Amino acid sequence: MAEKVDPFRKESGRTESVKERSALDGEITIRLNARKVLRGSLLVLMLVVVFYVGRLSAGPAPEAPSFDFSGLTDLFSSDDASPSGLAVSEVNETTAEETAPAEAALEEPETATENESTESELEGPETFVNAPYSRVALSLDDVYNTIKEPGKWGRITGVSYTIKNNEAGTIKPSRFMMIMEGYDKDDERIEYKFDVGIDSQRIKIGETVTDDAAIKATYNVAAMPDGDLKKVRINLILYDAENQLMASHQREVDLTVE
């Protein structure tokens, strides 16, 4: 009896053989994303540029160095990196040579500063002028007046003045003496004494100082010549701490206004 042949058996064996050949001898296809490849290349290029800039910024240079990117092109086109290495070496040597004059120039201002401080130290100490005084100018600028009872009496509460030092050194004014018309007679003379203002207790050569000083000087209308308060003569005299005369000034003031 003839053996039955399974028509599907032969096909099944053939299919298994085909499967084995496709797994071992088949071609592998690699797909590249152009956008990702370009992004990765730019990232590598940026890192290399940053490295070059960091090497070149190690010292100050008067002029910006020129960058040679030919080595970067060779880096991506060939495995031999020697051209880029030579370029880095040449740039570094040029930068070091150009930096030396700049560093020397930066040291010059420090030397000038030291010379200025030395000159200031060589200046002599401040000198003071004592009596006799011949070049101190005094001006009575105004009076601060308070009318207590119109037509009868009032009080001067302060004066405004200016002192100019034309002496050859620093002066130290200390106090004033004020004599008011009507109280300047020998038998009725009244001298009002008071200190100078704080800002005018020490005046250097050539300085002009305007300041105020407080005083309490009471006056009566009856004591004034003809009872006229519009032109009352006031004499202001300046002294130092040793009671030495420095300067004086006399002027007429109006005591009818406050």
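The values are calculated or read from the model by the stated rules, or taken from the named source; none is laboratory data. Note that the structure is predicted; figures quoted are calculated from it, not measured. Cβ placement follows ideal geometry from the backbone for every residue including glycine, while neighbour counts extend to all protein chains displayed. Note: accessible area is taken over every heavy atom of the protein model, side chains too, but ligands, DNA and RNA are not part of it. Shrake-Rupley method; radii C 1.70, N 1.55, O 1.52, S 1.80 Å.
Looking at region 208-232, I want the residues that are of a type in the set (D, E) and have a partner that is not in a strand (DSSP E or B) with Cβ atoms under 8 Å, at least 6 apart or on another chain. Which pairs are those?
The qualifying pairs are D211/V196; D211/G197; D211/I198; D211/D199; D211/S200; D212/G197.
Please enumerate the residues belonging to region 217-229 that are more than 13 Å from F176 (Cβ to Cβ) and under 52 Å from the mean Cα position of the chain (by Cα).
Of the residues in region 217-229, the ones more than 13 Å from F176 (Cβ to Cβ) are 218-229.
The one that is more than 13 Å from F176 (Cβ to Cβ) and under 52 Å from the mean Cα position of the chain (by Cα): T218.
Identify, please: which residue in region 154-188 is under 19 Å from L245 (Cα atoms) and part of a loop (DSSP other than H, G, I, E, B) and is, among those, most open to solvent (accessible area, probe 1.4 Å)?
So, considering only residues that are under 19 Å from L245 (Cα atoms) and part of a loop (DSSP other than H, G, I, E, B), the one most open to solvent (accessible area, probe 1.4 Å) is K172.
Based on what the data block shows, is T218 open to solvent by less than 20 Å² (accessible area, probe 1.4 Å) and of a type outside the set (D, E, K, R)?
Details: open to solvent by less than 20 Å² (accessible area, probe 1.4 Å): no; of a type outside the set (D, E, K, R): yes.
So T218 does not fit the description; no.
Tell me which of these D199 doesn't satisfy, since it passes every other one: (1) open to solvent by less than 70 Å² (accessible area, probe 1.4 Å); (2) of a type in the set (D, E); (3) not in a loop (DSSP other than H, G, I, E, B).
For D199, the failing item is (1).
Looking at R251, is it under 26 Å from E126 (Cα atoms), surrounded by fewer than 17 Cβ atoms within 10 Å (Cβ to Cβ) and of a type in the set (K, R)?
On the way: under 26 Å from E126 (Cα atoms): no; surrounded by fewer than 17 Cβ atoms within 10 Å (Cβ to Cβ): yes; of a type in the set (K, R): yes.
No.
Which of the following residues is within 17 Å of L238 (Cβ to Cβ) and out of contact with any His (no Cβ under 8 Å at 6 or more places or on another chain): R135, R155, R189? Walk me through it before giving the result.
Numbers: R155 fails: within 17 Å of L238 (Cβ to Cβ); R189 fails: within 17 Å of L238 (Cβ to Cβ).
R135 is the lone residue from the list that is within 17 Å of L238 (Cβ to Cβ) and out of contact with any His (no Cβ under 8 Å at 6 or more places or on another chain).
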